[in-house]
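Colleague: The structure's right below; bear with me while I get my questions together.
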Amino acid sequence: MRCLLVALFATAALAQEPAAVPIGSEVKASFVDLRWQVRQLPELGSTHATIVYFATIECPLVQRYLPRLGTIAAEYAPRGVVTLVANVGAGDPFVDAVGDVLEKAPKAEFAKDTELALAKACGVDRTAAVVVLDRERRIVYRGRIDDQHGYSASRAKASRDDLRLALDDVLAQQPVRVPETAISGCKITPPVAPAPSSPPTFAKDIVPVLQQHCVACHRPGGEAPFPLVTLADTQKHAAMIAEVVEQGRMPPWYGSATHDRFVNHRGLSAAERATVLAWVTAGSPAGDGAAEAKLPAVDADGWRIGKPDKILELKAPVRLPAEGPIPYRYFVLPFHFAEDTWVEAIEIRPENERALHHCNLARVKFGEKFSQEGFITGYVPGGDPLAMDPGIAVRIPAGSALALQAHYVPTGQPEVDRIRVGLRFPRQKVDKEMQVAIAADFRFAIPPGARAHPVRASRTLRDDAIGIGMFVHMHLRGRDMTATAELPDGSVQTLLVVPNYNFDWQQSYRWARGAKTFPKGTKIKALAHFDNSAWNPFNPDPTQTVKFGLETEEEMMYLFTFWYAANEQLGVSVDPKNGHVL
């Protein structure tokens with residue numbers, strides 16, 4: 001940890017008095033991409049030129065110029081120019097920083113330059129600075145995008161389009177005529193190690209954080225790879241905990257907070273994050289009475305929805321190989337719903353949480369296979385079961401069955417699993433039926449090498465509606481998705497931005513009851529970008545055109561919107577023993 005502090009102070013000195021990096025210098029530096037992967041510039045591939053733009057969320061000059069950079073990125077991408085936006089904001093939340101770039105410069109790649117290694121290598125100490133690198137990644141231009149905006153005033157229009165002119169010179173394979181210009185931007189501030197008056201302790205300060213945010217997954221037999229229940233558990237992983245907390249990787253949450261708030265939002269507050277980092281920096285002290293962190297409150301059998309009224313389970317266990325890709329498995333639960341059945345809570349529970357990556361549940365006509373059109377809910381590691389507010393319920397029509405789509409992952413040893421589904425029936429009258437509006441595209445074709453291929457879909461709500469929440473689904477090439485509502489009056493609301501979609505953490509995003517209302521005729525729109533390039537480290541094959549398909553190496557594009565009719569008053573009385581209408 002002493003080495004870390006020395007490095008931080010060295011970085012601080014560097015940011016205040018950067019070493020001279022002359023034009024013509026080769027840039028070598030590591031950074032973190034939007035998937036939290038450590039990357040280097042050569043991984044961007046063979047490019048005619050690379051633009052590197054240094055940004056923070058709050059710098060006003062960055063925000064003025066970022067949309068303009070987005071236009072330039074899209075304009076020059078067909079000419080072999082790659083744009084990289086490097087966030088250098090020490091306090092900028094990771095997902096929100098990615099979302100800022102997605103919204104204003106969707107054709108750009110994202111980098112998090114936490115240790116300012118890229119800024120140092122480029123000789124940059126201010127945001128809004130742009131650097132152009134040639135084929136050999138040597139600096140050929142450093143300065144402003146143009147001269148329209150300054151600290152205290154702006155011109156009606158720029159008198160010189162500096163960045164475009166520099167790019168044109170590079171692409172013409174001639175020296176840049178003006179290789180350096182003055183930069184108006186915010187001084188880059190390096191990260192500062194927390195220095196509390198007294199070090200936090202495990203017993204007093206860390207146990208509450210673990211209980212609130214961690215042990216739901218990090219418990220014996222849980223989805224996480226190791227428990228964080230005891231002092232010994234936590235001290236053993238302290239350095240890794242500090243890294244993922246500082247980066248914002250854990251607890252996992254992939255919805256940008258810029259546009260909307262969700263009641264199931266996960267993640268540490270700034271104070272909690274500072275506490276964890278200070279505890280690790282201080283050497284992970286135990287404190288007085290370092291008791292075990294208690295597991296989340298559940299009933300004796302572990303059901304988070306409470307004791308189910310009915311449990312359905314697969315007839316036979318699922319046997320899984322130790323290695324290799326495992327295709328989706330499809331199952332129909334052995335129960336026929338002879339009558340309409342109302343359900344207010346559903347929980348999907350695997351016996352082997354390590355092996356089940358995610359699982360979707362849908363109602364199907366008896367004898368038919370799984371279909372997303374009947375989607376009800378799903379299971380994801382760390383996610384919540386479906387538990388609706390009083391008076392809202394799902395209707396399973398007479399003649400239906402419940403089908404599962406299960407995605408298993410190898411663990412390095414043969415595994416066995418058996419999925420159970422718990423149902424809880426309403427205790428009060430049901431006034432609202434939960435509905436699902438699915439916006440999807442089944443005809444897209446993602447070209448080989450495409451970095452940000454757009455795919456769009458929409459669905460129109462047939463009633464005045466109240467929103468419950470949203471869920472997005474793509475596969476390994478899915479990069480981001482933005483959901484908007486186009487109201488009948490022509491106005492548009494941004495509902496959800498998932499700027500760095502993660503196939504491993506497919507979360508739901510739930511609004512507070514009554515917080516989202518949509519008039520009849522509202523069009524729910526989805527815009528997704530897919531990265532089919534070699535830059536995507538999880539891309540199975542960047543040389544192939546990718547179309548819709550069920551397997552992981554193919555692609556999907558779904559936006560699920562859960563809602564109920566605003567004026568509906570069903571007044572249905574339900575037998576709490578079986579969910580049937582009385």
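Please treat every number below as a calculation from the coordinates, not as lab data. The structure presented is a predicted model; accordingly, all values stated were derived computationally and were not measured. When we count neighbours, we look across all protein chains shown, and the Cβ atoms used for this are built from the backbone with ideal geometry, even at glycine.
Colleague: Quick check on the exposure proxy: order H213, H259 from fewest to most C-beta atoms within 10 angstrom.
Modeller: In increasing order of surrounding Cβ atoms, one gets H259, H213.
Colleague: Now a separate question. Which value results for Rg/Rh of the range 415-474 when Rg is the Cα radius of gyration and Rh the Kirkwood radius based on the inverse mean 1/r?
Modeller: Result for the range 415-474 is an Rg/Rh of 1.12.
Colleague: Could you sort 413-422, 511-520 so that the peptide with the highest average Cβ count within 10 Å comes first and the rest follow in order?
Modeller: The densest-packed peptide leads the list: 413-422, 511-520.
Colleague: Shifting gears a bit: For the chain, with only Lys/Arg (+1) and Asp/Glu (-1) charged at the beta-carbon, what is the dipole magnitude about the Cα centre, in debye rounded to 20?
Modeller: Computed about the Cα centre, the dipole is about 500 debye.
Colleague: Tell me the mean residue ellipticity at 222 nm calculated for the chain from its helices only (DSSP H runs of n ≥ 4, each -39500 (n - 2.57), averaged over every residue, nearest 500).
Modeller: When only DSSP H runs of four or more count, the value is -5000 deg cm²/dmol.
Colleague: How large is the Rg to Rh ratio of the range 2-171 when both quantities use alpha carbon positions and Rh follows Kirkwood?
Modeller: Expressed as Rg/Rh, it is 0.94.
Colleague: Could you list, bin by bin from short to long, the percent of Cα-Cα pairs of the range 169-208 in 10 Å steps?
Modeller: 18, 19, 17, 14, 11, 17, 3
Colleague: Restricting things to alpha carbons, tell me how big the range 365-410 is in terms of Rg and Dmax, in Å.
Modeller: 13.0, 41
Colleague: So in the chain, what percent of DSSP beta bridges are antiparallel if you round to the nearest 5?
Modeller: The antiparallel fraction comes to roughly 85 percent.
Colleague: Listing I466, I145 from the residue with the fewest other Cβ atoms within 10 Å to the one with the most, what is the order?
Modeller: Fewest-to-most Cβ neighbours within 10 Å comes out as I466, I145.
Colleague: Taking just the alpha-carbon atoms of the range 310-428, what radius of gyration and Dmax come out, in angstrom?
Modeller: 14.6, 48
Colleague: Taking volume of the Cα convex hull per residue in Å³ straight from the coordinates, which label in [x] 217; [y] 144; [z] 170 is the correct one?
Modeller: It is the value labelled [z].
Colleague: What's the center-to-center distance, using Cα atoms, between the range 172-223 and the range 521-582 in Å?
Modeller: Spelled out, the Cα-based centre of one part sits 32 Å from the other.
Colleague: So what's the net charge close to E223: Lys and Arg +1, Asp and Glu -1, counting the other residues with Cβ under 10 Å from its Cβ?
Modeller: Once all neighbours under 10 Å are counted, the net charge is +1.
Colleague: Under 5 Å between amide hydrogens, which residues at least 5 positions from R39 or on another chain qualify, with H placed 1.01 Å from N in the peptide plane?
Modeller: F31, V32, D33
Colleague: Compute the Kirkwood hydrodynamic radius of the range 202-281, taking the inverse of the mean of 1/r over all pairs of distinct Cα atoms, and give it in Å to one decimal.
Modeller: 13.2 Å
Colleague: Still on this model: Express in whole angstrom the spacing between the alpha-carbon centres of the range 123-166 and the range 418-463.
Modeller: Distance between centres, Cα-based: 43 Å.
Colleague: Run through all the Cα pairs of the range 115-225 and give the fraction in each 10 Å bin from 0, expressed as whole percent.
Modeller: With a bin width of 10 Å, the distribution comes to 12, 26, 19, 12, 16, 14, 1.
Colleague: Stick to Cα atoms and the Kirkwood definition of Rh, then tell me Rg/Rh for the range 221-265.
Modeller: Computed over Cα atoms, the ratio is 1.08.
Colleague: Right, another one. The range 436-565: D in µm²/s via Stokes-Einstein (Kirkwood Rh, Cα pairs, 25 °C, 0.890 mPa s)?
Modeller: Rounded, D is 162 µm²/s.
Colleague: Hey, what angle do you get for helix 270-281 against the long axis of the chain, alpha-carbon based, 0 to 90 degrees rounded to 10?
Modeller: 70 degrees
Colleague: Computed over the Cα atoms of the range 488-546, what is the convex hull's projected area averaged over all directions, in nm²?
Modeller: Result: a mean projected hull area of 6.3 nm².
Colleague: If you plug each phi of the range 110-124 into the Karplus form 6.51 cos²θ - 1.76 cosθ + 1.60 with θ = phi - 60°, what whole-Hz ³J(HN,Hα) values come out, in order, with x for Gly and Pro?
Modeller: Along the range 110-124, the couplings run 10, 9, 10, 9, 4, 8, 6, 5, 6, 4, 4, 5, 8, x, 10 Hz.
Colleague: Using per-residue counts of other Cβ atoms within 10 Å, averaged over each peptide, order 326-339, 244-257 from highest down.
Modeller: Answer by packing, highest mean first, reads 244-257, 326-339.
Colleague: May I ask you to order 57-68, 121-132 by the average number of other C-beta atoms within 10 Å around their residues, highest value first?
Modeller: 121-132, 57-68
Colleague: So what's the angle, to the nearest 10 degrees on a 0 to 90 scale, between helix 60-76 and the longest Cα principal axis of the chain?
Modeller: In the chain, helix 60-76 runs at an angle near 90 degrees to the longest axis.
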